[in-house]
Structures are given as structure tokens and as C-alpha cells.
1. Just the Kirkwood number for the chain, please: inverse of mean 1/r across all distinct Cα pairs, in Å, one decimal.
2. Would you mind putting 61-70, 302-311, 287-296 in packing order, based on average other-beta-carbon counts within 10 Å, highest first?
3. Roughly what % of DSSP beta bridges within segment 36-144 run antiparallel, to the nearest 5?
4. Most mobile of R178, R282, R166 per a Gaussian network model of the chain (Cα springs, under 10 Å)?
5. Taking the Cα centre of segment 27-173 as the origin, how large is its charge dipole in debye, to the nearest 20, when only Lys and Arg (+1) and Asp and Glu (-1) carry charge on their Cβ atoms?
6. Does segment 1-99 come out rounded, prolate or oblate, given a ≥ b ≥ c as the square roots of the eigenvalues of its C-alpha gyration tensor, rounded meaning a/c under 1.5 and, failing that, prolate meaning a/b above b/c?
7. Please report the antiparallel percentage of the DSSP beta bridges confined to the chain, to the nearest 5.
8. About the Cα centre of segment 152-316, how large is the charge dipole given +1 on each Lys and Arg Cβ and -1 on each Asp and Glu Cβ? Please answer in debye to the nearest 20.
Amino acid sequence: MKITMSEGAGGNATAKLISGLFLKYFNSPYLHEMEDAALLPDLGKIAFTTDSFVVRPLIFKGGDIGRLAVSGTVNDLLTRGAEPKYLTAAFVLEEGLEIGILEKIVASLQKTAMEAGVEVVAGDTKVMEGSGGLIINTAGVGSVACGASLGARAIEAGDCIILSGRLGEHHAAIVSERMGIDSEITSDAAPLNKMVGTLLENGIPVHAMRDVTRGGLATILNEMAEVSGKEFLIEEEKLPVSEEVRSFAGILGLDPLYMGNEGKMAFFLARDRADDALELIRKSPYGEYAAAIGTVGDAATGGVILHTAIGGRRRLGPLYGEGLPRIC
Ligand code: MG
């Protein structure tokens with residue numbers, strides 16, 4: 001069975017799709033009230049974010065657009081020290097989408113939401129003309145318990161920079177699917193609640209976090225260096241990259257520093273607790289390949305400097321132009 005325009009008309013077919021498919025998986029009592037807005041309990045100070053997902057193919061090795069739609073939004077909330085609580089999920093379906101594929105994706109979205117401890121409390125479905133595609137938007141709120149405001153402005157000279165795992169996996173997985181290349185590389189799409197939670201619960205003085213997504217590590221470091229007004233010194237030798245991704249990137253002329261992940265976090269934290277932090281991250285889910293990759297320098301020039309494996313010094317710029325294909 002395929003989606004037709006009538007599933008988006010707001011009548012019978014729409015109601016059937018919502019009750020027969022979406023409500024079967026999304027079990028939040030707030031959603032099941034079926035009102036026009038969810039009434040939620042007071043969360044105090046909240047973090048609030050939104051993200052849209054347009055990746056093709058919809059299902060890929062290691063994940064799918066549903067898992068991505070939860071992981072991306074949850075990880076963005078985590079970067080501000082928030083405990084993710086509630087999501088909205090808006091589905092823009094293209095005419096011709098197989099309902100079986102939609103169901104798989106909705107089930108995966110819900111499974112990932114449960115893993116991340118978030119509830120889908122409101123949603124929307126639209127159908128547009130097209131060729132069987134799907135776009136998902138999720139918005140998320142989380143409660144912020146910790147006093148300090150985590151963010152790039154809180155980065156201090158001397159901070160240690162820790163990367164939670166190996167670069168480029170999501171990007172390589174999507175590229176290999178799209179090019180029909182047979183590879184063992186799987187997407188790393190994952191919610192990182194436990195990893196971030198264990199650092200904060202153990203009192204690690206985390207100053208800033210950023211999930212390594214579109215544009216790759218080099219791009220997010222540049223964004224943070226600009227906001228913080230500080231210079232980051234990165235050791236090329238310490239960057240964790242799997243052999244599979246390294247050779248895949250080599251063949252295609254891609255640089256893992258500019259390849260996106262969907263389940264990796266860069267942490268900026270006080271140097272004297274860096275060893276403790278590394279141990280906690282490595283013991284948490286998705287953190288086994290974490291590494292300390294650099295430090296924040298004193299120079300007020302800003303920017304990102306890469307100390308290369310052969311002893312050189314290179315200024316790392318952000319990604320310019322198109323990071324193709326769309327990976328999230
Ligand atoms: Mg982000």
C-alpha cells in the first residue's frame with residue numbers, strides 16, 4: 001500500500017493513518033488526548049530546539065531517518081546541559097511512499113525515543129506530491145538543571161577537547177548506500193544521553209559540547225572557535241578514524257575531518273579532570289573509541305590549528321560549498 005493524496009486531506013483516510021499507524025507506536029498520554037496542543041508540566045528552565053531531516057535513502061545501514069530525527073534533536077538538547085523530555089514529530093509524506101516503509105520508520109523513531117527517554121507529545125502529517133519520499137521535522141524540549149550555561153562562550157584557555165568516537169561513519173554509510181558501494185560501514189546515529197549524563201552526574205566541569213554533524217568536526221570546531229574567540233589546537237594523530245572509513249574516504253577523496261557523524265560529541269572541559277572524563281565516556285554507550293584530541297590555546301586569534309602527523313601546522317577552515325550528499 002502506498003500513500004496517496006487522500007491521506008493528507010484531513011478526512012477519513014488521514015484519521016485512519018493517524019490512528020492505525022502513528023498512535024500505534026507513539027504512546028504518550030499527552031499525544032493520545034488528541035487535542036490541538038499538548039499541555040505539559042512545568043519544566044523550569046528549558047532548552048528548545050528543532051531540526052529537519054531529508055536524508056536519502058530513508059533506511060540505511062545502522063539506522064534510518066526516524067532514528068536520525070530523534071538522535072539529532074536529542075543530541076542538540078544535550079549540548080546545553082538539558083535533560084531531553086518531549087519531542088514533536090512532523091511527517092511530510094510524498095505521494096507514493098510505501099506505508100510499510102513509513103511504519104518501519106515510525107517504529108524506529110519510537111524505539112529511539114524510548115532509548116533517549118523522550119516522549120513524542122505532538123505531531124503532524126502532511127502529504128505532498130512527489131515520488132515516495134519523506135521529510136521529518138522534530139522539535140524538542142529539555143529541562144536544564146545545572147546552573148551554568150553550557151556553550152562555546154564558556155570555553156576556557158587550557159580546556160581539553162575530547163571527541164567521543166570515530167569520525168565520518170554516518171557520512172560514509174550514506175555515501176556508500178547512495179553510490180551502491182558494498183561496505184561494512186554502518187551509521188553511528190544514536191542519542192548520547194547516557195554519555196553526557198554520566199559526565200554531568202560525576203561533576204566533570206564540562207564547559208561546552210557540540211555534536212559532530214553536517215560539515216564534520218572541522219566545521220563545528222570553527223563555529224565554536226569563532227563564538228568563543230579562542231584558538232583550538234588539534235592533534236591529527238589523536239583523531240579516531242576506523243580503518244574502513246579511512247580507506248573509504250581515501251578512495252573517494254573525502255576528508256574525515258569534514259565528514260558528518262550523527263552520534264558523536266565534542267566536549268570542552270577542564271584539563272585536570274580530562275582523564276576521568278575520558279574514562280567515563282569510554283565506559284558509556286557509543287563512547288568506546290573516545291579520545292582527547294587537543295586543547296584550547298591562549299591565543300586570542302581564534303580559529304582551529306591542526307598539528308599534522310608529520311609535524312606541520314595547518315589552519316583548518318570550515319567546510320566550504322556543498323557537503324554532498326545530504327546526510328541528515
Ligand atoms: Mg548540533
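1. Details: mean 1/r = 0.0486 Å⁻¹.
After inverting the pairwise mean of 1/r, the radius is 20.6 Å.
2. Values: 61-70: 25.1, 302-311: 14.4, 287-296: 20.2.
Ranking, from highest mean packing down: 61-70, 287-296, 302-311.
3. On the way: 21 of 30 bridges.
For segment 36-144, the DSSP antiparallel bridge percentage is about 70.
4. Maximum among the listed residues: R178.
5. Working: 11 positive and 19 negative charges, 103 e Å.
Roughly 500 debye, rounded to the nearest 20.
6. Working: a/c = 2.55, a/b = 1.32, b/c = 1.93.
Since a/c reaches 1.5 but b/c is at least a/b, the shape of segment 1-99 is classed as oblate.
7. Numbers: 42 of 56 bridges.
DSSP beta bridges in the chain are roughly 75 percent antiparallel.
8. 320
Read the figures in this text as sums done on the coordinates, not as results from a lab. All figures in this text were calculated on a predicted structure; none of them were measured in a lab. Backbone-built Cβ (ideal geometry, glycine too); neighbour counts: all protein chains shown.
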